[in-house]
Structure formats: C-alpha cells, structure tokens
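See structure below.
The values are calculated or read from the model by the stated rules, or taken from the named source; none is laboratory data. In this text, all values refer to a predicted model and were calculated from it rather than measured experimentally. Note that each Cβ is placed from the backbone with ideal geometry, even for glycine, and that neighbours are counted across all protein chains shown.
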Amino acid sequence: MEKNLALSMQGITKRFGSVVANKSVDLDMYQGEILAILGENGCGKTTLMNMIAGIYFPDEGKIFKDGKEVVIRSPKDAFDLKIGMIHQHFKLVDLFTAAENIVLGVEESQRYNIKDVNNRVSEIALKYGFHIDPQKKIYDMSVSEKQTVEIIKVLYRGADILILDEPTAVLTPQEIDRLFSVLRRMKEDGKSIIIITHKLHEVLAISDRVAILRKGEHIATVDTCNATESSLTEMMVGKKVTLNIDRSEPVAPQARLEVKGLNCVDHEGVQVLKDVSFTANSGEILGIAGIAGSGQRELLEAIAGLQPLTSGEIIFNNPKKDKPVTFFHKSMARVKELGAQEAFHDEYGNPVSFDGMTNKQIKGWVESGKVLFREDEVMNLRDKTPLEIRELGVRLSFVPEDRLGMGLVGSMGITDNMMLRSYRKGHAGFVDRKKPRALADEIIRELEVVTPGVNTPVRRLSGGNVQKVLVGREIAFAPKVLMAAYPVRGLDINSSYTIYNLLNKQKKNGVAVIFVGEDLDVLLSLCDRILVINSGAVTGIVDARTATKEEIGLLMTQTDTQEKEAVQ
Amino acid sequence: MSEKKNNAVQEPLFHLSKRAQIQPWKAWAIRLAAIVLGLLVCGLVAFILIEKLNQKPEKITDFYYSFIKGSFSTKRKLWKFLKNLAILQCISLAVTPAFRMRFWNIGAEGQTLMGVLGCITVAFYLGGQVPNWVLLVLMFIAALLYSAVWAVIPAIFKAKWNTNETLFTLMMNYVATFVVSYFLVVWVPSGSSTLGKLKYGKLPSFGHEYLVIILVVALLTVLLYIYLKHSKQGYEISVVGESVRTAQYSGINVKKVIIRTMVVSGLLCGLTGYLIGAGLDQSVTTESVGGQGFTAIMVSWLANFNPLVMLITSGLISMLNSGAAQISQDFNVSGALPDVIVGIILFFIIGSEFFINYQIIFRKKGHEKEAVK
C-alpha cells in the first residue's frame, strides 16, 4: 500500500528550565491513519503535541508537513497548515452557541453570516456522523457535546491532521463508542488522527499504529495489529530500575487509619471515588499508584476533611491506652469533654473526674503527666472539617500536590508559612511569631533550605526548597499519619532523596505514611505496600517487595469488562 | 545555519517579560521617576493651554509655584490639606482589609455615604431633644450600623452564592445615593432638597477645628496596621487573599472571614461617615463623600495595601487635588483643568506599576525566553 507522510518530526527537544519534557523525538505519521500516542503521565505526550499545534515552540528539531519543512509559531500557523488540536480542557465560550464558537477566530473573505455557518456546521456533522445542534449554547451542553463542538471547530478550519488529547477521559463508554466510529469515518475520508491516551484497550480498539513515549523519549512505534496489552505496558513503564532507597522492614505495624467504602462526587456530579477501602498501618509506607486524575487527590483531601463524601467512614486509631494526656494537641475544652466521658484514669487506675475543678487546677494535673487515657482513641473523621480534626487531637499531616496553591502561602515568608496550621495557638488575638520563627530557622538548618532569609516569599524559592519547607512543617507537627501527594514532582535527584529519607524516618518513628507517587520505580523501592487506583476505584493492593512494574501498570490501566465491551 | 537566521527574523524588536522580583529601592525609583515625569508633562500641558486661553505669556515655573501654593501657602490651606488627607486616608483604610483579602469592594463611596446618612438621620430627628453627648454617641452608633449593613450585604451574597462582589458593591453605591435623595425629599419638602447645616450634633473640637479628625485618623492608621500585620484575623485575611484552597487546608472558615472582614471595612466606612457628618458637614447630600470612595481604591492600591505607606499616597492625591484647584483659580481657567492635571499624573503613577511588574527586553540582549503557559 502506498503511504504518504503527513507529518514528520525530527529530533524534537523541549526543555522547561532544567526539566527535559521531550528528548530528540523522531515521529512520523501517514495520511489516513490513526496514530495513538501512549505513555505514562508526565512522559511528554501533551508537550510534544502542543509543539505541533503551535502552543510551544521546540528548542531543537524540525517539523515537516507533507514533506516540506515548516515553522509553527502559533496556533494560527498550525491552522494554516491544516493541523488542529482538541485539548483536554475545552476552550469554548459558554455564552455562545456551538456555531458561534466554531466560527470564532476564523478569518473569512465573505461577510459573516451565522446562517451559512450553521448550515456548514450541519454539513460537517452529517458527513462524519456527529449529532449537534449548531444553535445550542455551550452552557446547555453535556461534556461530549462540547467535545463534538471542539472537533467540528477544527474540521471547519479545514484541518486534515487532528490531534485529540485524552478525548475519552471525560466520556461514558457509549459516548466513546460513538466518538470512535466518527474517528473511523474521518480516517476513511483521508484525515490523519493522533490520539493521546493511556488506556490500552482503546489504543488496541481504534489505532493503526502506536507510538510509545517514556520519560520524554520516543521508545518505539509499533503496528497495533502486532501489539498486545502486555507488550505495550512493558514498553510504557520500562524495565525495573533499582533505586538506592533504603527500605527497612515495618516494625510492629498496627492499623492506624482505616478507610471504608469511600464514595465521593465532585461538583460536576462525576463520581471521583468509588467504594475505596484500605488500611494504612503505623510504621509503614503505603504507596498510591495511578494515572493522574484517578482520584488520588480527592482521596487524600477526603481524609484531610476537604472533600465532602457521599458515603464511607474514615476511622483513626490513636494508640493512647495508658499514655498521658497532653495539651500539645488537645485543647482544654476537649480535655474537659473527654474527662466528662470518663476517658481518663490516673496512675493508679482510678477514674479521673474534673468535676468542680478550675481550669488552672486541671491544667496542673494534666501537665504533671498523671492523667492517662483509659483506652485507645478511635475517632471517625468523616464530615469533620480540617479544624475539627485538629481540635480532636488527630495528628494528621498533609503535603498536598499543589504546594503553593494549597500547602503554602506563596507571598509569605517561611516564618509566616510555619504558622499556617498553628497560628490559632495562644489565647490573645495576636499571632505569636517567635515559635514559628524558631521552627523556620530549624527547618532551614536541618533540611538545608536555600533562601535569602526567613521572610523571603516562599514563591521565590526553587521547587525543591519549597517542598522542603512544606514537608518540614508537616513533619514538625509530629504526625501520626503523614500524607504526601507527589512530594518529589519537579525536584532534582538530591532533593528527592532528602524527601525519601524524611519519609523513611517518619516510618521508623511509627508514623503511617501515605505516599502518592507517579514514578513506579520510586514507589516500588520506597513503599511497603502499593495501592493501585484507577478511575476512582481501588484495583489492587500489592506488596511492593514482590510486585513488578508490569503488574502495577496493568492495574493502573485496566478497565471494567463492561466498558471494554462497549468499545469493541 | 538557515534555521538560526530564521529565528532571528522571527524575534520581535522587544518583548515583555514578567519580573520575578524587584528591589524595593528600584521600585520606588521607578515610581518617583514617573511622578517627576508626570509633573513635567503636566507643566507643559498646562502652560500651553493657559497661554492659549489667556493670550499672555506666563512663566512655566509660575505653574509649579501655584501648584505648591494650593496646599501649603497659608495656615488655613495647610489645615485644609491635612483634613482632606485625613478623610481620604480614613476611607482608604476602610477599603484595605477587603482588598488584602482580594475582595474587590468598590462600594466604599456608598458605604461611607450611608454612614453620613445614618448619623445625620439621628441628628435630624433627635437633635435638641437629648443631651449633646448622648446625641453624638447615638449618631456614632447609627453611622457604624448603616455602613456595616451596607458592606455586609454583598459579603453575605459572596460567601453564600459566590456572586461577583465588584458589580454588587458598585450597584450598592447607586442605591445609597438614591436612598439619600429620598430622605432629602422627605426632610426638605420645599423642593430644593438641600438640607441646611443642622444645629445639633457637632463633634467638639479643641485646638484647631480639624485636629480631632486628624488625630483620630492617625490613631486608626496605626491600629489598622497592627490589626493587619499582627492579629490572627489579619493573618487569616492574608491567607484567604492569597488562596482560598490554602485557607481551607489550614482550617480557616473562608465564609466567616469574608463576612467578618467586610464588617470591619463597613465599620471603618461608618467612622469616616461620622467624621464627615458630625465633624465637618452637619448635613448630608448625595455628594457628601464626593467620589473619595473611589479615589480611596487607588490610594490603597498604590500603597500596596499598607496603611503606613497609604499616608504618602493619600497625601500625594490630596496635594494633587488642591494644587490643581489653585492653578485653575490663579490662572482663571475652567474647572476642567484640574481634572486634566490629576488625570495626567495618575496616568503616570499607575503606568509606572507596569514597569515595576514587567521588564522590557530588547532584541539581541538575551535569547528567546521560554513562554511558560
């Protein structure tokens, strides 16, 4: 069969600062084919496509369209070359109709006439089998209708190369089915289609060839008919690399945090967590693996009290039996409340009652260390706000994924960021900056944070230093449970190892560590157990000492059989 | 190489890039340069206009002399300048807590006007019937109450339904103006709708008649600085302003902070209203606040929401206003000239912020910069 090159990339390299997103990628695509780009997240799929679509400009390398070298500097250049990209996040004007959105930005020679546009949109829809009402407003549309508008927008501009970035992520199985039949029709019409995805069965169902990227590099391009799920997985995740992370055996693990049947719906009504259950043990690192956006963030936020649940329980076991009560994490009100519930006894085993005592007397007694817990504390954190969780005395630390947008205040210095979770301490209306200042100095010293001063806005620090500040603060809280989401993302190798060592130290101190990661090699070398999450559901919990990357890769990408059938 | 050549052609003459940081002295130098440049342009424009209008030659230095004279030539002018500064500073303080929270309250005009209305309403109905000190206390309470209510309504809507606070507070200004118009019609049935100076409810004065106002505002400036910088509530305001998600993460009740901060803003507006109503005018018109509620936004913004720096910016704006008025008087030109002068200077000051946030990089100076996002 005669095949003409539609697009060819040679030696494309793109760097963001010190991070190499794409490293001399060579990639060819032919006219009238569907090429799937497959890879783990963060492997540079979208960056590569953005360079064809004119969003980014490559640092090195050449792009050829129909055999001629081209320079693509802007999305307009890309359109002029008949290349169109459908982004993962739609770029539509909500208040406009479908047709208005489609025609937006098109320079036409004849006068603007919305009726003509409507007709032409309907023509395109008919040709490829879309269902669309050109006069419907975007805000009235479902996600799949919006996607249809995006696709027609590109076709309307006469594109013959279409790039779809994760088009199926937001669709139901039936909608995916319909989308695929449309794509096949476009292919018959001679269009070339690139589809970015990490779902293996979709790759097998729709594509002619598959290009696999790993860590920014183009590993191979294979014909889909010769590929299997496991051969693709192997190429996608690569062979196991042993990292030099020291991993100790968990010492006397006890169930610390029990999560039972969590269900959670986001504000758009999409179910983001489905019956998630697991136990995090003390003295153990529990890894969470999954494609980005599979519910990791929601899971951690649900535990931290930031995400409302539709059902489920979050049980925190505090091993306090016969341990003294302290004011370090219990407020006076809480101590009194527990005292009234007869939760304490003294060193001789007699029940403690605070009846008729003044606050000062209670304080003296408690601080003498002779008021002991009768039983381990068991608390349900469901529907508690972060503040309530802290007031219960639950030492739960959380290093969120979004460091400057959630974990820290970018415009404040290290000192002020230290008080973010503790500024309420002290009774007066004024904040006490002495202790935070001391903590800031300690963290700068211990973790070797490079900063011009404690009051330099943390936004100006490098990624690694920002992360040290955040992790340092959360560890200073002496947690019982430490949750860290992508704590080494964007960090250089040395900073990453600092973080691994900190997590390991917490583990040795008996903390239940939950580590959400993206690099499977790290997860396999650092964690004791790995929970794999896929579209909000747990697909497996494996022993990190014996599991293989392929095993985890399959768990990350496998889909319900029902969904699979719908696609095929 | 052909590609290199290609790139050189593509690179524009200059491009803008956001500064990662700037030393404070550099930022101030840019601001100062902008003011100087603005004054020069003003002088030139005024000079040309005045010469054309008056048909007689003037020295350009006369213009600057007149400008300074507006605020400082006589003792009376100096006191007036300080009073104007104090009132503007007071409203600027009022808008600041909300702005630090990134809550764009542009309704200080209406909130302050309601404060004036509140205190004058009490003086109108109870004047002469209760002892003067009781009247003054009641006027004070009414002013605070009216303003706080006016401020908290948009805050509640923002907190509960996430409505746009900018539009909401702007609209509330117009409502406030019409509420005042309504009462003027009720109180002054003659049809002139002008309420004369009330006999009762005058804030006692010692020293100079404006001294109380100036001292109150000076004290308030320090208090607000401490509140924002050292109180727990001030800390919460900063966190909410930076990122709502961070605030939630740290356990801050964002809705509560929004509402509480707007109440604080409203109370400060009420206090300004009281100073205007009981301290100066003893009357209310729809123009009692005279647009200072809007000017205050700029004052607060230019001072980067720092109450102490705000003394400089509100001083600068007050000086501009009285200087420009003096020019129009001295040279006998239309009242529009002051607006032109103030406009030019503000254009330069606000324009300078652009050069503080961005730098211009000319071609060849560096290679192609990475466009992040």
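List of remarks:
- Residue satisfying all of: in the range B:216-260; more than 19 Å from the chain's Cα centre (by Cα) and more than 13 Å from chain A (Cβ to nearest Cβ); farthest from residue A:477 (Cα to Cα) among these: B:259
- Taken over the range A:409-418, residues that are touching a Lys or Arg at 6+ places or on another chain (Cβ under 8 Å) and either at the interface with chain B (Cβ under 7 Å from one of its Cβ atoms) or surrounded by fewer than 21 Cβ atoms within 10 Å (Cβ to Cβ) (or both) amount to 3.
- Criterion (touching a strand residue (DSSP E or B) at 6+ places or on another chain (Cβ under 8 Å) and aliphatic (A, V, I, L, M)) met by exactly one of A:93, A:70: A:70
- Selected residue (criterion: farthest from the other protein chains (Cβ to nearest Cβ)) from residues of the range A:367-388 that are modelled with pLDDT under 80 and surrounded by 14 or more Cβ atoms within 10 Å (Cβ to Cβ): A:370
- Scope the range B:118-141; condition surrounded by fewer than 24 Cβ atoms within 10 Å (Cβ to Cβ), under 26 Å from the mean Cα position of the chain (by Cα) and either touching a residue at least 24 places away in the same chain (Cβ under 8 Å) or not assigned by TED's automatic domain parsing to the domain that holds residue B:285 (or both); matching residues: B:121, B:140
- Put simply, of A:252, A:227 the only residue that is surrounded by fewer than 17 Cβ atoms within 10 Å (Cβ to Cβ) and over 23 Å from the mean Cα position of the chain (by Cα) is A:252.
- Residues in the range A:173-224 that are surrounded by fewer than 19 Cβ atoms within 10 Å (Cβ to Cβ) and part of a loop (DSSP other than H, G, I, E, B): A:189, A:190, A:208, A:215.
- One residue stands out among those in the range A:66-106 that are of a type in the set (Lys, Arg) and under 17 Å from residue A:9 (Cα atoms): the one that is modelled with the highest pLDDT, which is A:82.
- Only residues that are more than 21 Å from residue A:418 (Cα to Cα) and in contact (Cβ under 8 Å) with a residue 40 or more places away in the chain were counted in the range A:363-391, giving 18.
- The listed residues are A:132, A:152, A:124, A:102, and the only one of them that is part of a loop (DSSP other than H, G, I, E, B), more than 24 Å from residue A:38 (Cβ to Cβ) and of a type in the set (A, V, I, L, M, F, W, C) turns out to be A:132.
- Reported count of residues in the range A:28-71, each being of a type in the set (D, E, K, R), outside any loop (DSSP other than H, G, I, E, B) and more than 12 Å from every other protein chain (Cβ to nearest Cβ), is 4.
- Meets criteria (more than 8 Å from chain B (Cβ to nearest Cβ), of a type in the set (A, V, I, L, M, F, W, C) and either crowded, with 18+ Cβ neighbours inside 10 Å or touching a residue at least 24 places away in the same chain (Cβ under 8 Å) (or both)) for residue A:431: no
- Consider the range A:72-99 and keep the residues that are within 14 Å of chain B (Cβ to nearest Cβ) and assigned to a loop (DSSP other than H, G, I, E, B). The one that is surrounded by the most Cβ atoms within 10 Å (Cβ to Cβ) is A:72.
- So residue A:457, is it touching a strand residue (DSSP E or B) at 6+ places or on another chain (Cβ under 9 Å) and under 17 Å from residue A:403 (Cα atoms): no
- Single condition residue A:265 does not satisfy, out of (1) within 14 Å of chain B (Cβ to nearest Cβ); (2) over 20 Å from residue A:389 (Cβ atoms): (1)
- Residue ID - nearest to residue A:215 (Cα to Cα), chosen from residues in the range A:492-542 that are polar (S, T, N, Q) and in contact with a Leu (Cβ under 9 Å, 6 or more places away or on another chain): A:525
- Residues that are among the basic types (Lys, Arg) and either more than 19 Å from residue A:527 (Cα to Cα) or buried (at least 22 other Cβ atoms within 10 Å of the Cβ) (or both), drawn from the range A:469-506: A:473, A:480
- Among (1) surrounded by 17 or more Cβ atoms within 10 Å (Cβ to Cβ); (2) out of contact with any helix residue (DSSP H, G or I) (no Cβ under 9 Å at 6 or more places or on another chain), the one test that residue A:306 misses: (2)
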